[in-house]
1. Output yes when any residue across region 31-46 is modelled with pLDDT under 65, of a type outside the set (D, E, K, R), out of contact with any Pro (no Cβ under 9 Å at 6 or more places or on another chain) and surrounded by 10 or more Cβ atoms within 10 Å (Cβ to Cβ), and no when none is.
2. Considering G146, G132, which residue is out of contact with any strand residue (DSSP E or B) (no Cβ under 8 Å at 6 or more places or on another chain), surrounded by fewer than 14 Cβ atoms within 10 Å (Cβ to Cβ) and under 17 Å from T57 (Cα atoms)?
3. For residues in region 52-69 being surrounded by 14 or more Cβ atoms within 10 Å (Cβ to Cβ) and of a type outside the set (A, V, I, L, M), which is farthest from the chain's Cα centre (by Cα)?
4. If you check every pair at least six apart or on different chains, which have Cβ atoms under 7 Å apart with a residue in region 134-154 that is without any contact (Cβ under 8 Å) to a residue 60 or more places away in the chain first and a residue that is surrounded by fewer than 16 Cβ atoms within 10 Å (Cβ to Cβ) and outside any strand (DSSP E or B) second?
5. Identify all residues within region 112-169 that are aliphatic (A, V, I, L, M) and assigned to a strand (DSSP E or B); write none if there are none.
6. Six or more apart or on different chains, Cβ under 6 Å: which pairs go from a residue in region 83-99 that's farther than 18 Å from S174 by Cα to one that's buried (at least 17 other Cβ atoms within 10 Å of the Cβ) and not charged (D, E, K, R)? Could you list them?
7. Note down all Cβ pairs under 7 Å where the first residue falls in region 54-66 and is over 16 Å from T175 (Cβ atoms), the second is part of a strand (DSSP E or B) and among the aromatic types (F, W, Y), and they're at least six residues apart or on different chains.
8. Answer with yes or no whether L86 is outside any helix (DSSP H, G or I) and at pLDDT below 95.
Amino acid sequence: MIRKSTYTLLIILIILAAVVIFLQRTPGMKNGSINEPTSTESPTLFNWGDKSVAAVTLSDDQGHVFKAKLDNQNNWFIEQPTGCQLENGKVENSLAQLQTFKIMVEMEAPPALADVGLTNPTYTLKLTFIDGSMQTLSVGSIVPTGSGYYVQVDNNPVVVVTKYSIDSLFELVSTACATPTAEVSPTSTPDLTHTETVTTSITPVP
């Protein structure tokens with residue numbers, strides 16, 4: 001006669017065997033490890049590789065233009081507006097910031113450029129590299145949530161970048177440095193006209 005304790009031990013062994021088989025057949029649980037979800041980092045908007053920027057042009061839809069290029073001493077010279085002076089490192093900081101731009105949203109279906117303000121961009125950035133190649137960033141309208149802009153690099157798909165990043169970059173074209181100064185016209189001096197004196201002779205009545 002089999003004792004009750006023997007039945008109990010047999011049941012325990014069957015349960016343990018079932019657990020082992022389940023763990024072996026369940027993905028991600030072999031060797032006692034569990035596949036945890038990993039966060040995907042947002043891709044960057046630009047990837048220049050080893051290229052270096054030699055000239056930069058920023059403009060907006062209000063007609064403001066900012067142009068700068070490297071001189072022979074690798075210092076940034078402001079071509080436009082004429083006589084513009086910036087604090088040291090301003091252009092370098094802006095270019096470094098540009099390389100950190102993250103894509104907030106990638107569009108599932110390519111929108112019509114007119115629908116996102118890219119036929120007449122709000123801002124335009126043109127980069128010229130030392131090797132002569134060029135890249136253009138066009139900034140369209142603000143997304144409905146107000147958190148970003150629709151942007152396009154060259155003919156690449158339209159994506160969304162944070163509004164703060166774009167506004168901070170294109171601050172260069174909205175500052176006093178980049179705004180053309182209105183020329184002051186010289187004060188005109190009124191002409192002095194000569195007034196002729198008319199002398200009336202009175203003839204006595206006879």
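1. Our first condition is that a residue be modelled with pLDDT under 65; within region 31-46, this holds for 31-40.
Right, trim to of a type outside the set (D, E, K, R) and you get 31-35, 37-40.
Among the residues that remain, those that are also out of contact with any Pro (no Cβ under 9 Å at 6 or more places or on another chain) are: 31-34, 37-40.
Narrowing the set further to residues that are surrounded by 10 or more Cβ atoms within 10 Å (Cβ to Cβ) leaves none.
Looking for residues that are modelled with pLDDT under 65, of a type outside the set (D, E, K, R), out of contact with any Pro (no Cβ under 9 Å at 6 or more places or on another chain) and surrounded by 10 or more Cβ atoms within 10 Å (Cβ to Cβ), one finds none in region 31-46, hence no.
2. Values: G146 fails: under 17 Å from T57 (Cα atoms).
The match here is G132.
3. K69
4. T136/D154
5. Here is the first cut: in region 112-169, the residues aliphatic (A, V, I, L, M) are 112-114, 116, 118, 125, 127, 130, 134, 137, 139, 142-143, 151, 153, 158-161, 166, 169.
Answer for region 112-169, where residues must be aliphatic (A, V, I, L, M) and assigned to a strand (DSSP E or B): L125, L127, M134, L137, V139, I142, V151, V153, V159, V160, V161.
6. Filtered contacts from region 83-99: no entries.
7. A54/F129
8. yes
The values are calculated or read from the model by the stated rules, or taken from the named source; none is laboratory data. If you're wondering where the values come from, they're calculated on a predicted model, not measured in any experiment. Positions of Cβ are backbone-derived with ideal geometry, glycine not excepted, and every protein chain shown enters the neighbour counts.
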